[in-house]
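Novice: Can you keep this structure in mind? I'll have questions shortly.
The values are calculated or read from the model by the stated rules, or taken from the named source; none is laboratory data. Just so you know, these numbers come straight off a predicted model, no measurement behind them. Glycine also receives a Cβ, built like all others from the backbone with ideal geometry; neighbour counts cover every protein chain displayed.
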Amino acid sequence: MIEYTEKIREIAKKLLEEGTVDAFIGYKKGSVPMMNEPVLVRDPADVDVLHWDSNCGLNLCNYLTGRTDKVGILATGCNSRNIVTHVIENQADRERLYIVGVPCTGVINHRAVKRAVKGREITEVVEEPGGERFTVKGPGYEETFEKADFLQLNCATCRHRNPVEYDELVAEEVPEQQAVQAFKDVEKIEQMEPQKKWDFFERAISSCIRCYACRNACPLCYCPTCFVDESKPQWVGKSIDPADTMTFHFLRAYHCAGRCTDCGACERACPVGIPVRQFTKKLNKDCIELFDWEAGLSLDSRPPLDVYRKEDPNDFIR
């Protein structure tokens, strides 16, 4: 969206020129259509590389962990909630951050677009002013689609499109989606018999190649040594044996319990299209129902698994 891009460049240039920040983290156009890339800008003369459209799907919070310089960063609703989580968990210093909030109407599902054009080569994707429609171009064809029909699944049910923590907004806040059924798919799985549940997840991970793209894209996976890389003790094998693969996905999901903002970066990064969010969404649903908790909405509250309260549910204890 042109108006967002120009405003982002304007803000970044001012912040860098005035010394408010030492670096600005945003997005640039990717070398492949619909796959924009993170970029760090230090020189005000380089801000023209910054770009924004509905293909900025990776979570920039990955680049905050452990930084000691002053940083400007773009933040949508889910990304701003990840920043809040980083601050709470002492992975980022709020005083050293300048958060540029981006009201978001969703990220385009690049796999759905590829299916819609029947696998033909895509050379360019152009959004119309306002961002409600986009045009896909390739050798010998050009097709226009409604963005609302091609949103990432997490964006289609997102209830926090506007940043919850920011220093400046690039535009007016957008209307929040009302009456969305965020956990309809989870409820369907909950109603299955145990064996059918297990079969569902076995099918989900059947194509996993253990590349760890989901872990690497997740802003919550900042441990210096991941449990899958530990050797003493070795928690999980290195093979693509179904038991090892299932152990990886389940343990990683539990590490994200009460912290996941459902940003969708894991699914977007997966090269084989595994529905990684099915492992974390159930835990998000449980946190809402058991603890009235959604991750990253306030700097004043810690995740439910991080604190003890006498009124916490304990029906599972016998």
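Novice: Taking the condition out of contact with any Leu (no Cβ under 8 Å at 6 or more places or on another chain) and either closer than 17 Å to H160 by Cα or aliphatic (A, V, I, L, M) (or both), does V84 pass? Quick ask: steps written out before the conclusion?
Specialist: On the way: out of contact with any Leu (no Cβ under 8 Å at 6 or more places or on another chain): no; either closer than 17 Å to H160 by Cα or aliphatic (A, V, I, L, M) (or both): yes.
It is false that V84 is out of contact with any Leu (no Cβ under 8 Å at 6 or more places or on another chain) and either closer than 17 Å to H160 by Cα or aliphatic (A, V, I, L, M) (or both).
Novice: Does at least one position in segment 126-141 carry a residue that is hydroxyl-bearing (S, T, Y) and under 17 Å from C56 (Cβ atoms)?
Specialist: Initial filter on segment 126-141 (hydroxyl-bearing (S, T, Y)): 135, 141.
Narrowing the set further to residues that are under 17 Å from C56 (Cβ atoms) leaves none.
Scanning segment 126-141 turns up no residue that is hydroxyl-bearing (S, T, Y) and under 17 Å from C56 (Cβ atoms).
Novice: Spot the failing condition for Q152; the list is (1) touching a residue at least 60 places away in the same chain (Cβ under 8 Å); (2) more than 23 Å from P275 (Cα to Cα), and only one is missed.
Specialist: (2)
Novice: What's the number of the only condition in (1) touching a residue at least 60 places away in the same chain (Cβ under 8 Å); (2) assigned to a loop (DSSP other than H, G, I, E, B) that P313 fails to meet?
Specialist: That leaves (1) as the condition not met.
Novice: Among (1) without any contact (Cβ under 8 Å) to a residue 60 or more places away in the chain; (2) touching a Gly at 6+ places or on another chain (Cβ under 7 Å); (3) buried (at least 17 other Cβ atoms within 10 Å of the Cβ); (4) within 23 Å of V113 (Cβ to Cβ), there is one condition G57 misses while meeting the rest; what is its number?
Specialist: (1)
Novice: Restricting the search to segment 222-246, which residues are part of a loop (DSSP other than H, G, I, E, B), without any contact (Cβ under 8 Å) to a residue 60 or more places away in the chain and among the hydroxyl-bearing types (S, T, Y)? Walk me through it before giving the result.
Specialist: From segment 222-246, those part of a loop (DSSP other than H, G, I, E, B) are 222-226, 230-241; that's our starting set.
Subset that is without any contact (Cβ under 8 Å) to a residue 60 or more places away in the chain: 223-226, 230-241.
Matches in segment 222-246: T225, S231, S239.
Novice: Across segment 122-136, which residue is surrounded by the fewest Cβ atoms within 10 Å (Cβ to Cβ) among those that are assigned to a strand (DSSP E or B) and out of contact with any Lys or Arg (no Cβ under 8 Å at 6 or more places or on another chain)? Spell out the reasoning first.
Specialist: At the first step, the residues of segment 122-136 found to be assigned to a strand (DSSP E or B) are 124-127, 133-136.
Okay, now just the ones that are also out of contact with any Lys or Arg (no Cβ under 8 Å at 6 or more places or on another chain), so 135-136.
Working: T135: 13, V136: 23.
Out of the qualifying residues, it is T135.
Novice: Here is a follow-up. Can you name every residue in segment 133-150 that is in contact with a strand residue (DSSP E or B) (Cβ under 7 Å, 6 or more places away or on another chain) and not basic (K, R)? Explain how you work it out, then say what you get.
Specialist: Initial filter on segment 133-150 (in contact with a strand residue (DSSP E or B) (Cβ under 7 Å, 6 or more places away or on another chain)): 133-137, 142-147, 150.
Of everything in segment 133-150, those that are in contact with a strand residue (DSSP E or B) (Cβ under 7 Å, 6 or more places away or on another chain) and not basic (K, R) turn out to be F134, T135, V136, E142, E143, T144, F145, E146, F150.
Yes/no matrix, rows are residues, columns are (1) crowded, with 22+ Cβ neighbours inside 10 Å; (2) outside any loop (DSSP other than H, G, I, E, B); (3) more than 14 Å from the chain's Cα centre (by Cα):
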| residue | (1), (2), (3) |
| --- | --- |
| Y254 | no, yes, yes |
| G258 | no, no, yes |
| D262 | yes, no, no |
| G273 | no, no, yes |
| K281 | yes, yes, no |
| D286 | no, yes, yes |
| E289 | no, yes, yes |
| W293 | no, no, yes |
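Novice: For the condition out of contact with any helix residue (DSSP H, G or I) (no Cβ under 7 Å at 6 or more places or on another chain) and basic (K, R), what is the one hit in K232, K197?
Specialist: Working: K197 fails: out of contact with any helix residue (DSSP H, G or I) (no Cβ under 7 Å at 6 or more places or on another chain).
Being out of contact with any helix residue (DSSP H, G or I) (no Cβ under 7 Å at 6 or more places or on another chain) and basic (K, R) holds for just one of K232, K197, which is K232.
Novice: If only one of A156, A182, A204 is aliphatic (A, V, I, L, M), surrounded by 13 or more Cβ atoms within 10 Å (Cβ to Cβ) and within 15 Å of C266 (Cβ to Cβ), which one is it? Working first, answer last.
Specialist: Working: A156 fails: within 15 Å of C266 (Cβ to Cβ); A182 fails: within 15 Å of C266 (Cβ to Cβ).
That would be A204, the only listed residue that is aliphatic (A, V, I, L, M), surrounded by 13 or more Cβ atoms within 10 Å (Cβ to Cβ) and within 15 Å of C266 (Cβ to Cβ).
Novice: Hey, another quick one. Output the residue which, of all residues in segment 22-46 that are in contact with an Asp or Glu (Cβ under 8 Å, 6 or more places away or on another chain) and surrounded by 21 or more Cβ atoms within 10 Å (Cβ to Cβ), is farthest from I11 (Cα to Cα).
Specialist: The qualifying residue farthest from I11 (Cα to Cα) is N36.
Novice: Moving on. For segment 188-217, give me each residue that is assigned to a helix (DSSP H, G or I), touching a residue at least 12 places away in the same chain (Cβ under 8 Å) and of a type outside the set (F, W, Y).
Specialist: I189, E190, E202, A204, I205, A213, C214, R215, N216, A217
Novice: Looking at (1) of a type in the set (S, T, N, Q); (2) surrounded by fewer than 22 Cβ atoms within 10 Å (Cβ to Cβ); (3) within 20 Å of C263 (Cα to Cα), can you tell me which one N90 breaks?
Specialist: Here N90 clears every test but (3).
Novice: What strands (runs of 3 or more DSSP E) completely inside segment 28-121 contain at least 2 residues that are in contact with a helix residue (DSSP H, G or I) (Cβ under 8 Å, 6 or more places away or on another chain), modelled with pLDDT under 95 and not assigned by TED's automatic domain parsing to the domain that holds R259? Spell out how you get there, then give the answer.
Specialist: Values: elements: 37-41, 71-75, 97-101.
So the answer is none; nothing clears 2.
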